[in-house]
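Written out below as structure tokens is the structure these notes cover.
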Amino acid sequence: MKVRRKHAGEAAREYALSVIKENIISFDLAPGSSININELAAQLGISRTPIREAILELSNEKIIEVYPQIGSMVSYVDFEIANDARFVRLAIERAVIEEACERATQQDIEELQLMLKMQELYLENGSAAQVLEQDNDFHRKLFEIGGKEAAFFVKDYLSIHFDRIRSLRLNAIRDSKTVNEHRAIVEAVKNKDKEMARSAIDKHLSGYSLEEQTQMREKYPQYFKK
């Protein structure tokens with residue numbers, strides 16, 4: 001499990017929640033693995049209470065399963081739950097991309113184009129985790145351009161199941177699909193073409209084909225229920 005340093009002023013509960021989420025999305029906490037509160041408290045250097053609170057919140061999001069008197073475990077990958085999260089995210093990002101089309105400046109476009117170059121670089125030479133981080137930064141920038149930064153964190157709260165599959169796909173299928181879709185989004189925002197932007201977002205967040213799902217299952221069968 002990877003543990004980052006606690007930020008100054010960061011509440012222990014939020015710190016625990018963030019670290020556990022990051023490790024679930026990256027599969028450093030793999031589906032089916034047990035969650036030991038005492039071990040987590042020792043690794044993070046905090047008490048058990050904020051760990052319990054974080055686990056309770058993640059169990060409400062159905063990403064951790066809690067069994068009374070037995071313990072907790074990371075849920076297996078579920079495409080149906082991920083698709084529900086994707087549906088919510090798509091509804092939010094459709095609205096945000098229209099705002100971005102209206103508000104984007106030349107500097108914003110240049111920053112997005114620079115992000116595309118960084119994504120290509122990491123796709124060729126980086127890890128899946130770095131590519132996913134670049135992907136997240138790209139979408140955060142779109143929310144910022146659209147003046148909806150607070151909404152990004154609402155979206156982020158709801159989408160852990162979808163984010164986990166995004167991470168899994170990057171490991172199982174190393175291609176330029178995401179970067180190409182981002183490039184289409186940037187072009188639409190640059191041209192202030194709302195219809196093209198909505199179409200590009202729809203394609204980008206359309207979910208995963210049966211072929212892609214099969215590839216993920218074949219490469220990582222241990223992450224899915226038998």
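Details
- First in the stretch 14-30 and at positive phi and without any contact (Cβ under 8 Å) to a residue 12 or more places away in the chain, second anywhere and basic (K, R) and open to solvent by 10 Å² or more (accessible area, probe 1.4 Å), Cβ under 7 Å, 6 or more apart: none
- Residue in the stretch 70-83 that is surrounded by the most Cβ atoms within 10 Å (Cβ to Cβ), counting only those that are touching a residue at least 40 places away in the same chain (Cβ under 8 Å) and not aliphatic (A, V, I, L, M): S75
- In the stretch 86-96, the count of residues that are in contact with a helix residue (DSSP H, G or I) (Cβ under 8 Å, 6 or more places away or on another chain), in a helix (DSSP H, G or I) and surrounded by fewer than 17 Cβ atoms within 10 Å (Cβ to Cβ) is one or more.
- The set of residues from the stretch 172-203 being assigned to a helix (DSSP H, G or I) and without any contact (Cβ under 8 Å) to a residue 24 or more places away in the chain comprises K177, N180, E181, A184, E187, E195, M196, S199, K203.
- For the stretch 37-58, the condition holds for at least one residue, the condition being that it is part of a loop (DSSP other than H, G, I, E, B), open to solvent by 30 Å² or more (accessible area, probe 1.4 Å), at pLDDT 90 or above and among the small types (G, A, S).
- A search for C-beta distances below 6 Å between a residue of the stretch 97-113 that is outside any helix (DSSP H, G or I) and any residue that is of a type in the set (A, V, I, L, M, F, W, C) and at pLDDT 95 or above, counting only pairs 6+ apart in sequence or on different chains, returns A104/I145; A104/V189.
- Residues of the stretch 141-155 that turn out to be within 19 Å of S26 (Cα to Cα) and out of contact with any Lys or Arg (no Cβ under 9 Å at 6 or more places or on another chain), as a count: 1
- Filtered by the rule that a residue be acidic (D, E) and over 15 Å from N83 (Cα atoms), the stretch 115-171 gives E120, E124, E133, D135, D137, E144, E149.
- Of all the residues in the stretch 161-183, those that are surrounded by 21 or more Cβ atoms within 10 Å (Cβ to Cβ) and more than 24 Å from S199 (Cβ to Cβ) number 3.
- Set A150, A200: member being among the hydrophobic types (A, V, I, L, M, F, W, C), closer than 26 Å to E111 by Cβ and open to solvent by 30 Å² or more (accessible area, probe 1.4 Å): A150
- Restricting attention to the stretch 59-69, the residues that are surrounded by fewer than 20 Cβ atoms within 10 Å (Cβ to Cβ) and not in a helix (DSSP H, G or I) add up to 7.
- Residue match in the stretch 128-136 (condition: free of Cβ contacts under 8 Å to residues at least 40 places away in the same chain, in a helix (DSSP H, G or I) and more than 22 Å from N23 (Cβ to Cβ)): no
The values are calculated or read from the model by the stated rules, or taken from the named source; none is laboratory data. Just so we're clear, the structure is a prediction, and the values are computed from it rather than from any experiment. When we count neighbours, we look across all protein chains shown, and the Cβ atoms used for this are built from the backbone with ideal geometry, even at glycine. Each accessible area value is taken on the protein alone, full model and side chains, heavy atoms only, with ligands, DNA and RNA left out. Shrake-Rupley method; radii C 1.70, N 1.55, O 1.52, S 1.80 Å.
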